[in-house]
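Before any comments, here is the structure.
Here, each number is a calculation from the coordinates, and none is a lab measurement. As the structure is a computational prediction, the values presented were derived from the model and not from experiment. Heads up, the Cβs are rebuilt from the backbone with ideal geometry, glycines too, and the neighbour counts pull from every protein chain shown.
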Amino acid sequence: MDLMKRRSGGRPAGPHALLIGVLALGTTLLGGPAVASPAPTLHELASAQGRYFGSATDNSELSDAAYTAVLGSEFGQITPGNSMKWDTTEPVRGRFDFTKGDVITDFAREHGQSVRGHTLVWHSQLPSWVGALPQAEVEPAMVDHITEEATHYRGEVTAWDVVNEPFNEDGTFRSSPFHDAMGSDYIATALRAAHAADPEAKLYLNDYNIEGLGAKSDAMYALVSELLDEGVPLDGVGMQAHLAVQYGFPYEMRANMQRFADLGLDVAVTELDVRMQLPADTAKLATQSTYYQRVVEACLAVRRCVGVTVWDWTDKYSWVPSTFPGQGAANLYDESLLPKPALAAVRTALGEEDDGGGSGGTTLKALYRNNDSAVRDNQIKPGLQLVNTGGAAVSLQDVTVRYWFTGENGASTYSTWCDWSPLGCSTVTSRVAGSDPAAAGADHFLEVGFRSGSLAPGASTGEIQLRLNKTDWSNFDESDDYSRTGATSYADATKIAVYVDGELAWGVEP
Ligand code: XIL
């Protein structure tokens with residue numbers, strides 16, 4: 001599959017976009033019906049709901065062109081999986097290195113994405129020098145670290161996971177060099193330092209197993225309530241959402257999100273993945289789909305839930321197999337970067353319209369023959385046949401076909417003709433309209449429709465002999481026309497588009 005392929009006027013399409021065409025209202029110069037446009041990306045679907053859809057990524061993954069094509073197009077937000085962590089950014093006290101994180105913010109800027117900074121203070125991936133400090137030195141070292149890093153990324157990072165994973169499962173504070181030195185006050189100190197360094201960034205506390213109601217989320221709720229009461233700068237709570245099909249779905253996720261929102265905080269799903277015991281099977285993948293879908297639905301149901309970030313989008317780069325031996329298959333796309341059922345479930349949850357034909361459900365195809373051997377004369381003569389390749393009858397009144405060509409100089413008005421068809425030319429409609437925007441070889445198109453009739457499964461319309469000319473009978477140059485080929489017998493024509501109910505069912509638009 002060519003992941004780099006571009007669709008007309010769109011961003012590079014992810015694999016899914018090649019499978020599903022979705023109705024969008026488009027205009028033509030002469031006015032016309034709705035035209036099909038590329039399937040919206042995950043982020044476009046989320047944006048339509050006022051949310052972002054993001055992914056984690058990592059520096060080593062950015063040399064994989066097929067991977068970056070999807071990362072750069074489907075997602076509106078990225079989170080560095082490792083490159084802004086303490087062990088990477090300050091491996092030796094006072095020696096800061098932001099090279100890797102800068103690669104991520106550069107990628108985001110080039111692709112119009114926002115960046116969640118992850119993470120300033122965490123017990124893990126912490127260089128050993130921090131734990132070796134005398135207790136009195138921990139606070140200044142922490143404040144320095146936060147100040148340097150948040151200052152460096154001012155204007156680049158829109159939200160910070162200031163403190164990551166502060167709690168044990170039972171809701172007690174996790175011990176760490178920070179907690180050991182400062183008690184739970186380290187959290188307020190960290191938030192204040194981050195706010196001083198970057199007053200614009202949204203500041204979050206982030207943890208796992210706080211997605212549902214329970215002891216750990218109660219502890220987070222109590223902590224953030226207290227911080228807000230004390231006027232500590234805090235904007236949101238990040239719920240990692242590292243879920244597993246074998247552990248069940250978080251209890252009352254929506255209600256849990258809502259109680260944080262009711263405190264005036266934003267909520268974000270920051271690291272979503274849904275792992276399973278390997279090997280994956282249809283039942284586990286189906287459960288996984290419902291988990292992904294329910295997380296997205298929970299976020300959309302809570303006004304203060306600002307977006308969802310998956311902890312990378314493909315099984316190829318998942319952290320799961322190395323961290324949870326025997327488990328995996330946690331992401332939306334498989335190791336070959338192909339969509340899994342969970343992707344369709346997420347798209348549905350984000351409000352994607354059903355394409356009628358089902359995913360990949362092309363039900364009609366166009367065949368074309370060139371009935372005009374002259375490349376430069378005053379008429380264009382496409383021969384067309386439609387074949388129903390699906391399992392259900394298609395009402396021809398719902399079908400339109402587009403053949404793209406260039407008009408060259410001369411009149412901008414056209415006459416169109418059906419010369420012969422076993423359907424009877426009186427049932428065939430045709431017109432020419434200008435393409436907007438005009439693409440190479442395609443500033444106009446011939447649009448064919450039907451007044452009546454139905455095409456049974458497997459049936460063909462038979463030949464439809466079409467013809468068009470400019471009203472001043474000036475010549476065309478058909479050599480560069482998008483939909484034209486030299487075919488003298490009928491063959492599948494992918495550069496002729498077929499729409500059912502205005503949705504692209506066959507062909508690639510210019
Ligand atoms: C993980 C990364 O994905 C791995 O590459 C790394 O080896 C370990 O950390 N919760 C978090 C993330 O907050 O930082 C973790 O990321 C996954 C769990």
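Below is a table of values for the structure above.
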| quantity | calculated |
| --- | --- |
| P(r) weight above 20 Å for the stretch 361-436, C-alpha pairs, percent | 42 |
| Amide proton proximity set for SER454, modelled H, under 5 Å, gap of 5+ | LEU396 |
| Residues LEU300, LEU205, LEU343, sorted so that the one with the fewest Cβ neighbours within 10 Å comes first | LEU300, LEU343, LEU205 |
| Positive dipole terminus of the stretch 358-506, leading residue within SER415, LEU466, PHE405 (C-beta point charges) | LEU466 |
| Listed peptides 375-385, 305-315 by packing density, highest first (mean Cβ within 10 Å) | 305-315, 375-385 |
| Point-charge dipole on Cβ atoms (K/R +1, D/E -1) for the stretch 42-349, about Cα centre, debye to 20 | 740 |
| Set of lysines near LYS365 by C-alpha distance (under 24 Å), chain-local residues within fewer than 8 positions excluded | LYS5, LYS381, LYS495 |
| Amide N proximity, the stretch 470-504 versus THR348 label position 7 Å along Cα-to-Cβ, cut-off under 17 Å | none |
| Folded to 0 to 90 degrees: helix 215-229 orientation relative to the chain principal axis, Cα | 80 |
| Candidate lysines - alpha carbon under 17 Å from LYS340, same-chain residues fewer than 8 apart omitted | LYS284, LYS316 |
| ASP106 versus ASP180: modelled label distance in nm, points set 7 Å from Cα along the beta carbon direction | 3.8 |
| Which of GLN288, GLN113, TYR52, positive extreme of dipole for the stretch 42-349 (C-beta unit charges) | GLN288 |
| Residues whose placed amide H lies under 5 Å from that of LEU272, excluding near-sequence neighbours | THR309, VAL310, TRP311 |
| Computed [θ] at 222 nm, deg cm²/dmol, the chain (DSSP H ≥ 4; -39,500 (n - 2.57); rounded to nearest 500) | -7500 deg cm²/dmol |
| Spherically averaged projected area in nm², based on the convex hull that wraps the Cα atoms of the chain | 26.5 |
| The stretch 358-506: equivalent-ellipsoid semi-axes (sqrt of 5 x gyration tensor eigenvalues, Cα, Å) | 25, 16, 14 |
| Test item: Cα-centred dipole of the stretch 153-251, Lys/Arg +1 and Asp/Glu -1 on Cβ, debye | 140 |
| Cross-link reach list, aspartates and glutamates versus LYS216, counting only Cα pairs under 12 Å and skipping chain neighbours closer than eight places | GLU165, GLU169, ASP170, ASP207 |
| Note, ³J(HN,Hα) from phi for the stretch 117-124, Karplus 6.51, -1.76, 1.60, rounded to Hz, x at Gly and Pro | x, 9, 8, 8, 10, 7, 6, 9 |
| Kirkwood Rh and Cα Rg combined as Rg/Rh, the stretch 196-284 | 1.07 |
| Percent of beta bridges antiparallel (DSSP, the chain, rounded to nearest 5) | 60 |
| Which of SER124, SER460 has the fewest Cβ neighbours within 10 Å, and the rest in rising order | SER124, SER460 |
